[in-house]
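Undergrad: Handing you a structure now.
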Amino acid sequence: MSVGLAISRQTKGLIRKLAVKNAFDYGSARENPILAKVLSREPGLKAEMKSLRTEIERIVAEVNALPRPDLEREYGSHAAEFESEQEEKAERSARHNFSVEGAEVGKFVTRFPPEPGGYMHIGHSKPLFIEDALRQAYDGKLMLYFDDTNPDNERQEFVDAFKRDLEWLGVAFDGEYYASDSIPLLYGHAGSMIKKGMAYVCTCSSEKIKEGRAEGKGCEHKEQDPGQNLKLWSEMLGEEHGDGGAVLRLNSNMSALNTVMRDPTLFRTKRARHYRQGDKYHVWPTYDFCTPVIDSIRGITDVLRSKEYELRDELYFAVLGALGLRKPRITSFSRLEIANNITSKRKIRQMIADKLVQGYSDPRLVTISALRRRGITANAIREFALSFGMGKSESVADLAALLNLNKKIIEPIARHLSFIDDPVPVHVANAEGIELSLRLNPYQDIGYRRYMLNGHFFINASDSKRLKKGDTVRFKDAFSVAVISVGDGVEAECVGSGSGNMVVVPWIAESGAVRCELLHIGNLMEGERFNDRSITRTHGYAEGYASSLVGGEIVKFERKGFFRLDGKADMSFISV
Ligand SMILES: [Zn+2]
């Protein structure tokens with residue numbers, strides 16, 4: 001229970017300093033920015049909103065009345081401190097300065113290359129926002145490239161979901177294309193590599209190919225001449241080989257130190273209906289072949305990718321070298337991973353199949369659609385993704401950092417409402433007919449909710465247990481109440497606005513109270529194991545205003561935190 005405390009001398013000093021800086025920088029000090037800064041440093045003061053506001057109003061008025069020379073003198077006494085704060089700010093923005101060595105303004109083209117084999121997740125957001133930042137820095141272009149040459153995994157549903165999420169994240173593209181639309185062209189390039197003796201058709205089993213790579217030994221097919229390979233390639237494109245019956249391999253070096261270079265597969269056979277190409281093809285290029293070729297012919301100057309691919313850089317350039325195609329520049333950075341969660345497409349698919357989570361938008365996941373459903377804003381995701389910069393040092397990020405960034409964004413705009421977990425009825429005599437207007441947000445003027453009271457209320461059981469006959473307490477933001485009796489319910493009477501330090505009791509009007517379900521989201525995983533308690537549910541009553549909320553709105557329930565209305569029909573909320 002919050003008991004009114006005076007604002008400390010230290011806090012008053014902080015308010016004074018902030019007001020002086022504000023007045024010096026802008027001509028006069030304003031209350032709201034100071035309130036926001038004080039609360040960000042001392043969140044505990046949220047319980048003392050009223051006294052804090054009064055104190056800020058008083059100090060701001062004092063500072064605004066100072067003659068300019070006095071203001072300058074006072075500013076001067078804090079100047080060193082203000083400067084170091086300024087430097088820190090500059091340093092922070094320098095860390096956010098994204099650049100690529102050698103890139104030129106007006107000549108920068110990059111692409112965001114998702115495979116439509118699942119939903120977009122937080123891990124994708126890092127390359128995406130880095131690419132977007134670089135596009136801005138170099139006045140360049142950002143293309144959307146669907147890397148879709150695995151017919152087994154890919155679906156139109158995933159293409160649509162990516163586009164929806166990208167639009168929601170606020171990233172627009174300068175063009176869009178699909179790897180699978182370039183298959184005939186890729187076949188042509190394969191043919192020219194075969195003619196030059198740089199690729200061969202291999203019909204070894206996948207086990208044998210694996211063994212050969214491990215031992216650094218080539219198979220008999222490596223010795224075939226280009227004529228034989230061309231014939232086998234045209235058989236492969238025809239109907240001669242079933243699934244996995246033949247592959248086209250780069251004629252490279254089977255004893256290369258970089259094992260990626262041990263005659264990697266460029267094309268494989270796979271008979272499966274493709275979501276975009278239907279049954280047109282059964283020979284599909286691998287990522288290692290189609291990506292460099294398509295990047296080059298599409299005019300990409302810069303490839304940004306996570307450093308897991310670094311060993312494949314040599315292969316990327318070898319394919320382009322063999323074809324005599326222009327080579328884009330590759331820049332690598334560390335991948336964004338989230339502690340106690342998963343971003344692997346395969347693992348997410350498995351969890352959905354095992355019914356551990358309910359689809360790609362389950363709020364425990366870190367897909368973009370799950371984060372959106374959880375009330376995470378696009379701006380918070382952008383800020384979070386960019387906060388890691390372009391460095392290569394490995395780090396597993398904590399989702400709490402994203403949630404904190406998000407709270408700073410939603411706090412000033414969310415409606416603050418009362419919520420009672422375990423309701424105990426209270427009858428307050430003399431409260432009939434009182435009309436109350438309550439602010440929807442303590443920091444910003446975003447309007448009011450109004451109640452015509454009938455004397456019947458709910459308070460929390462935990463609060464009612466502490467009441468006894470003769471107590472006078474304050475109904476939060478309303479009036480003072482004298483307790484007459486405490487039993488199954490509480491009988492009390494309104495004793496006016498009152499003053500002084502009093503126990504503050506949250507309440508809601510009984511009439512119109514809305515029964516709600518709150519879903520609390522915890523970590524999806526506990527290390528390698530699924531967390532059985534990743535969702536917990538509680539029930540309770542929100543004040544009547546809640547019935548006017550529409551799905552998707554974010555509120556702050558007093559003592560509970562931020563929630564997003566997920567299901568209007570059953571008034572179910574998800575913790576933000
Ligand atoms: Zn072979």
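The values are calculated or read from the model by the stated rules, or taken from the named source; none is laboratory data. As the structure is a computational prediction, the values presented were derived from the model and not from experiment. FYI the Cβ positions are ideal-geometry reconstructions off the backbone, even for glycines, and counts take in every protein chain you see.
Undergrad: Scan region 458-483 for residues that are assigned to a strand (DSSP E or B) and in contact (Cβ under 8 Å) with a residue 24 or more places away in the chain and report the count.
TA: 8
Let's see how each residue does on (1) aromatic (Phe, Trp, Tyr); (2) more than 27 Å from Leu39 (Cα to Cα); (3) under 45 Å from the mean Cα position of the chain (by Cα):
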position	(1), (2), (3)
Glu435	no, yes, yes
Leu438	no, no, yes
Asn441	no, no, yes
Arg449	no, no, yes
Asn454	no, yes, yes
Phe457	yes, yes, yes
Phe479	yes, no, yes
Val483	no, yes, no
Val495	no, yes, no
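Undergrad: Which pairs turn up if I take residues in region 522-543 that are outside the structural domain of Met571 (by TED's automatic domain parsing) and look for partners that are part of a strand (DSSP E or B) with beta carbon separation below 9 Å, at least 6 apart in sequence or on another chain?
TA: So the pair list comes out empty.
Undergrad: Also, quick follow-up: Can you work out which of the residues in region 404-463 that are polar (S, T, N, Q) and more than 16 Å from Glu491 (Cβ to Cβ) is modelled with the lowest pLDDT?
TA: Among them, the one singled out is Gln444.
Undergrad: Out of region 45-77, which residues are loosely packed, with under 13 Cβ neighbours inside 10 Å and not in a helix (DSSP H, G or I)?
TA: Ala65, Pro67
Undergrad: For region 269-310, give me each residue that is part of a helix (DSSP H, G or I), without any contact (Cβ under 8 Å) to a residue 24 or more places away in the chain and surrounded by fewer than 16 Cβ atoms within 10 Å (Cβ to Cβ).
TA: Glu310, the sole residue that qualifies.
Undergrad: Assigned by TED's automatic domain parsing to the domain that holds Met571 and surrounded by fewer than 16 Cβ atoms within 10 Å (Cβ to Cβ), is that true of Glu517?
TA: The answer is yes for Glu517.
Undergrad: Related question: Among (1) without any contact (Cβ under 8 Å) to a residue 12 or more places away in the chain; (2) more than 16 Å from the ligand (Cβ to nearest atom), there is one condition Asn253 misses while meeting the rest; what is its number?
TA: (2)
To keep it simple, each residue is scored yes or no on (1) assigned to a helix (DSSP H, G or I); (2) within 22 Å of Asn64 (Cβ to Cβ).
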position	(1), (2)
Ile7	no, yes
Lys12	yes, yes
Asp25	yes, yes
Ser40	yes, no
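Undergrad: Which one of Ala190, Ala179, Ala199 is within 16 Å of the ligand (Cβ to nearest atom), within 19 Å of Phe267 (Cα to Cα) and touching a residue at least 60 places away in the same chain (Cβ under 8 Å)?
TA: Result of the check over Ala190, Ala179, Ala199: Ala199.
Undergrad: Do we find that Leu266 is within 30 Å of Glu131 (Cβ to Cβ), within 16 Å of the ligand (Cβ to nearest atom), in contact (Cβ under 8 Å) with a residue 60 or more places away in the chain and not assigned by TED's automatic domain parsing to the domain that holds Glu394 in this structure?
TA: yes
Undergrad: Of all residues in region 205-236 being within 14 Å of Asn251 (Cβ to Cβ) and among the acidic types (Asp, Glu), which is farthest from the ligand (Cβ to nearest atom)?
TA: Asp225
Undergrad: Is it the case, given these coordinates, that Asp354 is free of Cβ contacts under 8 Å to residues at least 40 places away in the same chain, touching a helix residue (DSSP H, G or I) at 6+ places or on another chain (Cβ under 9 Å) and of a type in the set (D, E, K, R)?
TA: no
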